[in-house]
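In what follows, a single structure is set out as structure tokens and then discussed.
Computed from the coordinates by the stated procedures, all read-outs in this text should not be read as laboratory data. Treat the numbers as computed from the prediction; the structure is a model and nothing was measured. Positions of Cβ are generated from backbone atoms using ideal geometry, with glycine treated the same way; all protein chains shown enter the neighbour counts.
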């Protein structure tokens, strides 16, 4: 009888162990699926799902555990993002999380990851503070940061006898972006003539534009207004105000394809971008572009690539760590290199920012294409950008 009981208990323990091992692996995605950045968030989710599929060779499993994606809409609101991440970790049993879309909302989430001692992969929020002064050791970012945007754009448009003024949104994304751009621009020999900030929901840029025109119009040499804007694109409205009468050119970084339709009025404009589907040449991007085109009758976009990259990082990290224990994950992710549609990315040990290539482009207009084509001038590689380490820990 005792032997039978021991055998039953042993069997039950084995089944329990097998059940625990086979339990679903829950990954939370926090994103602003409604609100100003809705298009970005939807792309992120599509890319994340495709990336998980690719990284797991279609099984949607890691180590025999089925991946379950728990999605939550923070509407771009910091307080809501914070509470939803806590809910995902505590109530939903998420073992790691990805998000969010807005930099302001992402900054609110950082302390939550530290409180619950669980890894948060930030994608696609850009503000430098995320892997800078507000960073903690549970934070990793696959999205590019403001410094990577700024340095690549400074390399693309800066130079001797160039005067530049900036227009940006008045919140973390815009201010961090301009601060990093200003720092990077100084190394190119260009001069920053003025900074202009406007509310996120601005639709009339007349007053801002006039101040920028006044700051630049009497400058010698090349004169450029560089725009950093999310959730819309003021480029057409600025162009309508005729900066060309003062010899002023416009410039900005890459954007989602619908927003880049506005660039068609700016043939020859130069800038730097995070991703354009036709630029990277590697097997991951080949699969990604072909599959996205097949499934959605359109090429993948800016933030679809970001979501895909986050998925690749997550699967590589859990596989290397042998599970989702936070300490093992952190150890596995520091210095981890992983494939993405852009090629290799590497999490820098010091601040967990993913180092990655950017692309200097020149706008080409093709009447048969609905958006302006960012034609590659050159790849700005990891080693071409001295991306500052901004955390203080």
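Annotations for the structure displayed:
- The angle between the Cα long axis of helix 206-216 and the main principal axis of the chain comes to about 70°, on a 0 to 90 degree scale.
- Cα gyration tensor, region 31-104 - rounded (a/c under 1.5), prolate or oblate: oblate
- Euclidean distance between Cα centres, region 265-285 to region 110-134, Å: 28 Å
- Beta bridge orientation in the chain: antiparallel %, DSSP, nearest 5: 35 percent
- Listed residues 317, 305, 215, most fluctuating in the chain (Gaussian network, C-alpha, under 10 Å): 215
- If you plug the beta carbon distance of residue 337 and residue 211 into 1/(1 + (r/R0)^6) with R0 = 51 Å, you get a FRET efficiency near 0.70.
- On Cα atoms only, tilt of 146-157 relative to the major axis of the chain in degrees: 30 degrees
- Max mean-square fluctuation residue, GNM over the chain, Cα-Cα springs under 10 Å, options 150, 55, 193: 193
- Region 311-352 and region 171-195: distance between their alpha carbon centers, rounded to Å: 30 Å
- Pair residue 79, residue 366: separation of 7 Å Cα→Cβ label points (nm): 4.8 nm
- Net lengthening on full extension, residue 298/residue 203 (0.36 nm per residue, minus Cα-Cα): 31.3 nm
- Cβ-to-Cβ counts within 10 Å put 308, 338 in ascending order as 338, 308, the fewest first.
- Note on residue 68/residue 378: beta-carbon distance plugged into 1/(1 + (r/R0)^6) with R0 of 45 Å gives a FRET efficiency of 0.60.
- Degrees separating the helix 283-296 axis from the principal Cα axis of the chain, which is the longest one: 90 degrees
- Among 324, 59, 346, residue whose mean-square fluctuation peaks in a GNM of the chain (springs only between Cα atoms under 10 Å): 59
- When 352, 31, 292 are sorted by how many other C-beta atoms sit within 10 angstrom of their C-beta, beginning with the fewest, the order is 292, 352, 31.
- Counted by neighbouring Cβ atoms within 10 Å, the residues 192, 96 run from fewest to most as 192, 96.
- Under 18 Å from the residue 133 label point (7 Å along Cα→beta-carbon), backbone N, region 360-392: 388-392
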